[in-house]
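Some notes on the structure that comes next.
Read-outs throughout are calculated quantities, based only on the coordinates presented, and are distinct from any laboratory measurement. Since the structure is predicted, the reported quantities are computational estimates derived from the model, not experimental observations. Quick reminder, even Gly has a Cβ in these numbers, built from the backbone with ideal geometry, and neighbours come from all protein chains shown.
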Number of protein chains: 2
Amino acid sequence: MADVAKRAGVSIMTVSRVVNNSGYVKPATRQKVLAAMQELNYLPKGRQSSPHDTWMLIVPDITNPFFTFIARGMEDVARKHGFRVFIANTDEDLEKEQEYVQMCLDYQVRGLLVVPVGDPSSENLARLAEQQVPFVLIDREIEGLDADLVKGDIRETSRRLVEHLLDLGHERIAAVVGPLHSASSRERLDGYRDALVHRSIPVDESLIFTAPMTRDMDASFIDGLVERPDAPTALFLGNMFQYAHIVRRLRALGLSIPQDISVVSFGNTDDLASVDSLATAAIQPAYNYGSLGAQLLLERIEGVRKTPTRIVLHSEIAVRSSTAPPPAGIAKKG
Amino acid sequence: MADVAKRAGVSIMTVSRVVNNSGYVKPATRQKVLAAMQELNYLPKGRQSSPHDTWMLIVPDITNPFFTFIARGMEDVARKHGFRVFIANTDEDLEKEQEYVQMCLDYQVRGLLVVPVGDPSSENLARLAEQQVPFVLIDREIEGLDADLVKGDIRETSRRLVEHLLDLGHERIAAVVGPLHSASSRERLDGYRDALVHRSIPVDESLIFTAPMTRDMDASFIDGLVERPDAPTALFLGNMFQYAHIVRRLRALGLSIPQDISVVSFGNTDDLASVDSLATAAIQPAYNYGSLGAQLLLERIEGVRKTPTRIVLHSEIAVRSSTAPPPAGIAKKG
C-alpha cells in the first residue's frame, strides 16, 4: 500500500480510502490511485486465516449506541483488510480496562482502538506501548499521552450548543457533564464557559454539575436545581443517557419542555433511533471515528507512519423541539 | 454450586440467582441457600487469571440496542463468576459467523452465547458441538437443533400486537417481518396469522412482506403498498429499524401517524432511548436473555446439567401514540 501511495503521489490514507471506497477522494486522485494499483499489480489484502489477525475495540459502555457505531466503522475497514474485531466493554471501570488490555497481550491481538475510561487509563495503555502493540485513542484524549487519536471537536460543538440557547434569549443555563477525569467532559465544560464568556455572561459555578454518562445515572439532583428561586431556564447536557433521565425527571416534576425549560445535549449519533426524537442535539460522526481510527491503526501495523496523528472531526447540530425562548418575564431575571 | 443446590434442596439456577443477587428468589429459599453455602464453606468463584476464562457473544448486529442489552446481561453474570466476555458481530452474514466460530475454537473460549443468523447457522454451530464447546442459543431457535435456548414468546407477543390493532377497529393490517430463514421472523408471522384467524378475518397474502431487519434496510416497497386502492390502515413491523425507516417513508409520502395509518412494532428494548418514542411496541426483556443465557452456560461449564433447557420469556407491550382507530369510513372497507 505504501508503494501504491508513493507511485500515485498521495498519502497512504488516500490509497486506503480508494481501496475501502470510503471517505471523499477527488475523482482525478482516485484514477491515479487505481492506475498505480494496476501498474504495481497490487491487490488489497484478502481475508487471512491466522487467529492473530485480530483487532480489539475497548469501549466504556456497550449499550450506548455512540460506541457501537464506532464498532461498525472499525469493522468495515478491518474486514476489508482481513482483520476481525472483538469488542470488550469496560463499564467505565479502570480495573476491567486493565483486564482487557492484559487479554489483548495474552491473545497477541494485532492492534486496538480504545475509548479509554479517562486520564488514569494511561497506565493500562502504557503496557500496550511497552509490548509494541499499536493502539489508537478514540473520542477521549489522555493528558500527557502522545498517541494516534480520532475525536470530535467537542469544545467547539459545546460552545455552539450553548450559543443556540443564548440566541433564543436564555441567560441562566446549567451544565451537566460527565466525570472530569475524562477529557471529553472537560472539553464540554470548556465550550460551555467559552460561550458564556464570549457574551460577557458571568459563569455561575453553582449551575455546573458532574454526573455519570451511563445508563444507570441518578438524575435526582435536578429536583433541587429547578426548585431554586434562581432556577435555570435551560440545560446543557453531556449525552443521551443524561438527556433521557433528566427529561424524565423534569416531566415528573410537572415541567414542560421546551415551554418551561429548554434542553440541549450531545446526541446518540443514531439518526434512526432518533426518528421520533425531540432533542436539540449534537450528532457526532461516530462511524467515522471508528473507520478513520482503523485506518490509522492499519498505517501503524504496516509500519508506514511513526509519529502520532490527531484527527478531529466536526459535529452537526440538529435543532428539534426541545428548545424555545425562555418563559416570558424570566429571560432577564437572572 | 451443585452441592449447595443439593444441600439446600433447590435448583442450580436458584443458587446462581442468590449468588448473583439477580432474579427473584423467595426470602425463605434465599436463607436456605445462604445457610447451605455457609455449611459447605462455598465461596463463589472469584476472578481468575487464565486467558481461557473467556466467553464469547456472537450477535448479528452490534448497532441494534436489542443485542447490546443481551451483552450487558451476559456480562453481569460472567463477571461474577470470573469470566470475561468478547463480543463479535456477524452482520447477519453466515460466512462471518463461521469465522467467529472458528476463532472461538482457535482461542479455546470456554463457552458462547449465540444469536444465530438463522437455520443455516446449524452447520457453524455443529463445529462447536463437535469440539464440546458449550453454547446457548439466544433469541432465535434453529430448526432441528436441540440446544440450550433463551428467547421471547414472539408468536404470542405478535398476536397481542395485532390484536391491539384489531381492537381499535383495523381489519386491513399489513405485516413486515425479517427473512424467513430466522425462526424469530417465522414466529412473528405465525402470531400475525393467529390474531386474524381468531377474529375470522381472512389472511391476505398480498399484505405480507419480508424485509431486512437491519439499519440499512430499504423501505421503498411501502410506497406501492399505501398507494393501492385497498391499502392497509395499519402496519405490524418486525423491529425498530423497520419502524424507523417505514415511519420516515410514510411521513415523506405525506401520511400522518396515527391519523392516516397506525403502526405497531417490536421495540428496541431500550426504555431510555425511547424516552421520546411514539411507537406502540413490544418491549422484550433482552437483558434477561443475556443473564439467563449466561446462567445456562455456567451450568454446562460446571457439568451439572446434560439435557437442553428452553427458557421462553414474556414481553410487555407499551401502547403509545403510533396507534389509533382507522380513519372514518375506512374501517369496514376492507
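Key figures for this structure:
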| quantity | calculated |
| --- | --- |
| Chain B: relative contact order in percent, alpha carbon pairs under 8 Å with at least 6 residues between | 19 |
| Segment B:177-334, Rg to Rh (Cα coordinates; Rh as Kirkwood inverse mean 1/r) | 1.04 |
| More than 16 angstrom apart: percent of Cα pairs within segment A:238-320 | 62 |
| Cα-based Rg / Dmax (Å) for segment A:29-172 | 19.0, 63 |
| 10 Å Cβ shell holding at most 16 others, DSSP loop, GluC sites (Glu not before Pro): longest site-free stretch of chain B | B:144-301 |
| Entries of B:K26/B:K80; B:K80/B:K151; B:K96/B:K306; B:K96/B:K151 with Cα pairs more than 27 Å apart | B:K96/B:K306 |
| Counting DSSP beta bridges with both ends in the protein assembly as shown, the antiparallel % (nearest 5) | 10 |
| Per residue, the convex hull volume that the Cα atoms of segment B:178-271 enclose (Å³) | 120 |
| Extreme residue, positive dipole direction of chain A, given options A:A88, A:T233, A:V150 (C-beta unit charges) | A:V150 |
| Translational D in µm²/s for segment B:280-324 (Stokes-Einstein at 20 °C, 1.002 mPa s, Kirkwood Rh from C-alpha pairs) | 168 |
| Debye log10 I(q)/I(0) at q = 0.14, 0.17, 0.18, 0.23 Å⁻¹ for segment A:47-128, Cα point scatterers | -0.44, -0.65, -0.72, -1.09 |
| Extension reserve of the B:K306-B:Q102 stretch, reckoned as 0.36 nm per residue once the Cα distance is removed | 71.0 nm |
| Loop trypsin sites (Lys or Arg not before Pro), segment A:176-207, which have at most 13 other Cβ atoms in a 10 Å radius of their Cβ (DSSP) | A:R199 |
| Taking all pairs of distinct alpha-carbon atoms in the protein assembly as shown, Kirkwood radius in angstrom | 26.9 |
| Contact order normalised by residue count of segment B:93-198, Cα under 8 Å, 6+ apart, percent | 25 |
| Antiparallel DSSP beta bridges within segment A:183-334, as percent of all bridges there, nearest 5 | 30 |
| Antiparallel bridges, percent of DSSP beta bridges restricted to chain B (to nearest 5) | 10 |
| Reach of A:K32 by Cα under 18 Å, taken over aspartates and glutamates that are not fewer than 8 positions away in the same chain | A:D3 |
| Label point 7 Å beyond Cα along the C-beta direction, distances from A:E95 to other copies (nm, shortest first) | 4.3 |
| Most mobile of B:P258, B:P308, B:P116 in a GNM of chain B (Cα contacts under 10 Å) | B:P308 |
| Dipole axis of chain A (+1 Lys, Arg; -1 Asp, Glu on Cβ), positive-most option in A:H198, A:G118, A:V15 | A:V15 |
| At 7 Å out from Cα toward Cβ: B:R310 inter-copy label distances (nm, ascending) | 5.8 |
| Charged-residue dipole, Cβ positions (Lys, Arg, Asp, Glu), the protein assembly as shown about Cα centre, Debye nearest 20 | 100 |
| All Cα pairs of segment A:104-158, percent lying beyond 13 Å | 60 |
| Across the identical copies, how the B:S321 labels are spaced - nm, sorted shortest first, 7 Å along Cα→Cβ | 0.6 |
| Sites A:Q132 and A:K6, calculated FRET efficiency, Cβ-Cβ separation with R0 30 Å, nearest 0.05 | 0.75 |
| Kirkwood Rh in Å, taken over chain B so that all alpha-carbon pairs contribute | 21.4 |
| Positive-end residue of B:Q295, B:I173, B:A211, charge dipole of chain B with Cβ unit charges | B:Q295 |
| Assigned charges on the beta-carbon of Lys, Arg, Asp, Glu; chain B dipole about Cα centre (debye) | 1340 |
| Förster-model FRET efficiency, 35 Å R0, B:E156 and B:S220, C-beta, rounded to 0.05 | 0.65 |
| GNM top mover of A:F209, A:F241, A:F135 - chain A, alpha-carbon springs below 10 Å | A:F209 |
| Max mean-square fluctuation residue, GNM over chain A, Cα-Cα springs under 10 Å, options A:L113, A:L94, A:L237 | A:L94 |
| Cα radius of gyration and Dmax for segment A:87-201 (Å) | 17.4, 56 |
| Residue exposure sequence - B:L168, B:L292 - by fewest surrounding Cβ within 10 Å | B:L168, B:L292 |
